[in-house]
Structure formats: structure tokens, C-alpha cells
Amino acid sequence: MKAENVKLGIAPIGWTNDDMPDLGKENTFEQCISEMALAGFTGCEVGNKYPRDVAFLKRKLNARGIQICNAWFSTFFVDGKKEETIQEFIKHRDFLHEMGAMVIGCSEQSRSIQGTTKSVFKEKPSFTEEEWQKLADGYNELAKLAEEKGMKVCLHHHMGTGIQTPAEIDKYMSMVNANVYLLFDSGHIYYSEGSQQAMIKVLEKYIDRICHVHLKDVRDDVVAEVKEKSLSFLEGVRKGTFTVPGDGVIDFKPIFDILDKHNYKGWMVVEAEQDPAIANPFEYAVKGRKYIKETAGI
């Protein structure tokens with residue numbers, strides 16, 4: 001890949017888990033960002049232990065050569081919470097803009113089961129036509145608000161939500177305006193479909209609408225157990241569904257090749273939430289970074 005086109009980040013969720021705060025509670029914010037830098041990354045997303053004071057946060061990150069590139073934002077358009085979502089989004093947008101980020105990764109969390117004990121494969125939500133319209137209208141509005149600051153909004157397709165499968169991604173992308181983008185997450189689409197081919201197809205289909213990439217690997221044996229025992233998304237995470245690139249079943253070479261061929265410009269962020277007591281975050285960050293260097297040449 002062309003090094004000048006792509007920046008490499010890593011998500012703090014491997015150190016401290018936002019959905020399950022007991023995972024990594026012993027890891028501090030400063031340890032997290034120091035180890036990111038030491039592993040060879042230049043950017044990160046925002047975790048639950050990050051201070052929100054912009055000047056303080058910038059100082060801590062700048063000292064380590066780390067930049068904020070995105071932060072998760074939950075939308076609730078299908079639930080009819082348009083006004084609240086937009087108010088919160090403006091605050092979130094302004095914070096990210098001050099931190100120098102160019103994209104805002106969003107997830108439609110209406111009726112999401114990702115944080116519950118429900119079976120991630122059997123009990124995920126689905127939306128009616130009317131609900132899809134609410135969702136599309138909402139995201140079209142967010143895109144306009146993002147553009148006021150020269151930023152882009154992208155939707156993070158995610159297990160346990162109403163936009164998980166390729167068909168749901170297709171539906172979403174067909175309904176929103178061209179200035180609404182997709183956050184491509186290798187792990188979530190592979191997890192959903194159990195197929196390298198399905199994952200590559202989504203990437204190829206929407207490459208021109210992808211403005212942020214999550215590099216996440218998957219362990220097939222854990223996914224099989226999640227299906228067989230009807231486990232929840234979070235139970236799967238605890239058991240090790242996800243890992244860093246090069247440590248699971250996904251072949252990332254075709255992903256890097258497609259991004260390169262289409263001149264993708266932006267961040268690629270390693271996001272591999274595991275139990276830090278089992279998977280040492282620093283060691284796994286180093287492992288992922290080494291694999292990317294060997295496979296993508298950057």
C-alpha cells in the first residue's frame with residue numbers, strides 16, 4: 001500500500017472495554033496511549049478512560065505522537081429520538097473536530113442487542129420500511145451537520161444491530177445520500193456471514209463510499225461456539241471472538257490490495273476487543289502492527 005495515503009491507528013478497546021468496564025479496569029489511559037505509540041501506531045479512537053478536556057487530551061496525545069481519528073457515536077433514529085440524537089451529535093462532532101478528526105463513526109443502536117444477554121445470531125433486530133426511512137432521513141441530516149465542519153459521517157455495520165448483514169448494508173446505502181459513508185469493519189462482516197468472500201464483496205461494492213476502516217480478525221472456533229450455544233455478542237468477546245489482524249482466520253492481503261487499488265485515503269484502525277487479562281494489549285498491538293507491515297508493506 002502507499003504509505004502516504006494511509007494512517008494506522010488502534011482502538012483503546014483492547015486495553016479498556018467500553019461495553020464491559022471490568023475488562024481492563026486496571027489499565028490506565030496513559031498506559032494505553034503510551035503502549036499504542038510504542039507498538040508503532042500514530043492514531044487512535046476514544047475510550048471510556050480518555051479525558052474529555054481538549055487541551056489536556058491533546059497534550060497527552062501529542063507527547064506520544066498519537067492523534068484522534070474517530071470516536072463511536074450511537075444514534076437512535078429508529079426509536080424516534082431524532083432531536084436528542086442530533087443534539088448529542090453536534091457536541092460529539094465539535095469535540096472530534098477540535099481533536100483534528102475528519103470522520104465520525106456512528107452506529108444505529110435502536111433495539112440493538114450487542115450489550116445485552118440475547119443471542120447475537122437469533123435475536124438481532126430488524127427494521128420496517130417506515131423505520132428504515134427514519135434512519136436514512138436521520139443520517140442524511142447528520143451528514144449535513146458533519147459537512148459544516150468539513151467532516152464525514154459513516155455508519156459502522158455491527159453485530160447485534162439492525163445493520164449487520166450485507167443485505168442490510170445494501171438497504172442502508174441505497175437509501176442515504178451520496179455524502180453518507182460506510183465504516184468498513186472486516187471482523188463484523190466476517191462474523192455475520194462466516195465468509196471471507198462475503199466480506200470482500202462488501203468492500204469491493206462500497207469502496208468509493210468507505211471513509212474509515214476497522215481491521216479486526218476473527219476466531220472461527222469461538223464464532224461456532226457462539227452459534228451453537230446461542231451466546232450473546234459480549235459473551236463472544238469475552239471468549240475471544242475477535243483478535244488482531246494475522247491472529248485469526250481472515251486473510252487481510254485482499255483487503256489491503258483493494259484499498260490500495262482504489263486509492264483509499266484515510267485511517268485503518270486495528271480494533272480487537274479481547275479480555276486484556278488473557279490477551280495482553282501491548283503484545284497483541286505489536287503482533288497486529290507487525291502483520292500489517294509484512295502484509296501491506298506499511
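The values are calculated or read from the model by the stated rules, or taken from the named source; none is laboratory data. Since we're looking at a predicted model, the values are computed, not measured. Heads up, the Cβs are rebuilt from the backbone with ideal geometry, glycines too, and the neighbour counts pull from every protein chain shown. Note: accessible area is taken over every heavy atom of the protein model, side chains too, but ligands, DNA and RNA are not part of it. Shrake-Rupley method; radii C 1.70, N 1.55, O 1.52, S 1.80 Å.
Any of Lys122/Lys149; Lys7/Lys205; Lys144/Lys205; Lys60/Lys152; Lys58/Lys81 with alpha carbons more than 30 Å apart? Name them for me. Mind showing how you got there, number by number?
Details: Lys122/Lys149 40 Å; Lys7/Lys205 23 Å; Lys144/Lys205 24 Å; Lys60/Lys152 26 Å; Lys58/Lys81 32 Å.
From Lys122/Lys149; Lys7/Lys205; Lys144/Lys205; Lys60/Lys152; Lys58/Lys81, over 30 Å: Lys122/Lys149; Lys58/Lys81.
Starting from the Cα gyration tensor of the stretch 72-173, take the square roots of the eigenvalues, sort them a ≥ b ≥ c, and report rounded, prolate or oblate (rounded when a/c is under 1.5, otherwise prolate if a/b is larger than b/c, else oblate). Display every interim value, and only then the final one.
Numbers: a/c = 1.93, a/b = 1.70, b/c = 1.14.
Verdict is prolate for the stretch 72-173.
To the nearest 10 Å², what's His212's accessible area with a 1.4 Å probe?
Surface open to solvent at His212 totals about 0 Å².
Considering only DSSP states other than H, G, I, E and B, which GluC sites (Glu not before Pro) in the stretch 99-149 qualify as loop sites with at most 16 other Cβ atoms within 10 Å?
Working: sites: Glu108, Glu123, Glu129, Glu130, Glu131, Glu141, Glu147, Glu148; in loops: Glu123, Glu148.
Within the stretch 99-149, the qualifying GluC sites (Glu not before Pro) (loop, at most 16 other Cβ atoms within 10 Å) are Glu123, Glu148.
For Leu183, enumerate residues with amide H under 5 Å from its amide H, sequence gap 5+ or separate chain, H modeled in the peptide plane.
Counting only residues 5 or more places away or on other chains, the set is Leu155, His156, His157.
Calculate the FRET efficiency for Arg52 and Thr117 from the Cβ-Cβ distance with a Förster distance of 35 Å, rounded to the nearest 0.05.
On the way: r = 30 Å, r/R0 = 0.86.
Working from the Cβ atoms, E equals 0.70.
Report the calculated FRET efficiency for Glu283 and Asp220 (r = Cβ-Cβ distance, R0 = 25 Å), to the nearest 0.05.
Calculated transfer efficiency: 0.70.
Quick one: work out the % antiparallel among DSSP beta bridges in the stretch 140-271, nearest 5.
Values: 2 of 13 bridges.
Among the beta bridges of the stretch 140-271, antiparallel pairing accounts for roughly 15 percent.
For the chain, what does -39500 (n - 2.57) per DSSP helix run (n ≥ 4), summed and divided by total residues, give at 222 nm, in deg cm²/dmol to the nearest 500? List each step's numbers first, then the result.
Working: 11 runs with 125 residues, N = 298.
Result for the chain, helices only: -13000 deg cm²/dmol.
Can you work out the base-10 log of I(q)/I(0) for the stretch 1-82 at q = 0.16, 0.26 1/Å, using the Debye formula on its C-alpha atoms alone?
Evaluating at q = 0.16, 0.26 Å⁻¹ gives log10 I(q)/I(0) of -0.66, -1.28.
Quick one: Cα convex hull volume of the stretch 86-126, Å³ per residue? Don't skip to the answer; put the middle values down first.
On the way: hull volume 4.1 nm³, N = 41.
Roughly 100 Å³ of hull volume per residue.
For the chain, with the dipole built from +1 on Lys and Arg beta-carbon atoms and -1 on Asp and Glu ones, taken about the Cα centre, which of Tyr139, Ala198, Ala71 lies farthest toward the positive end?
Of Tyr139, Ala198, Ala71, it is Ala71.
On the full set of protein chains, 1.4 Å probe, figure out the accessible area of Asp53 and give it in Å² to the nearest 10.
90 Å²
Just for the chain, what percent of DSSP beta bridges are antiparallel, to the closest 5? Each step should come with its number before you reach the end.
Values: 2 of 29 bridges.
Of all bridge pairs located within the chain, approximately 5 percent are antiparallel.
Taking a cut-off of 22 Å between Cα atoms, list the lysines near Lys118, but don't count ones fewer than 8 places away on the same chain.
In chain and number order, the partners are Lys227, Lys229, Lys239.
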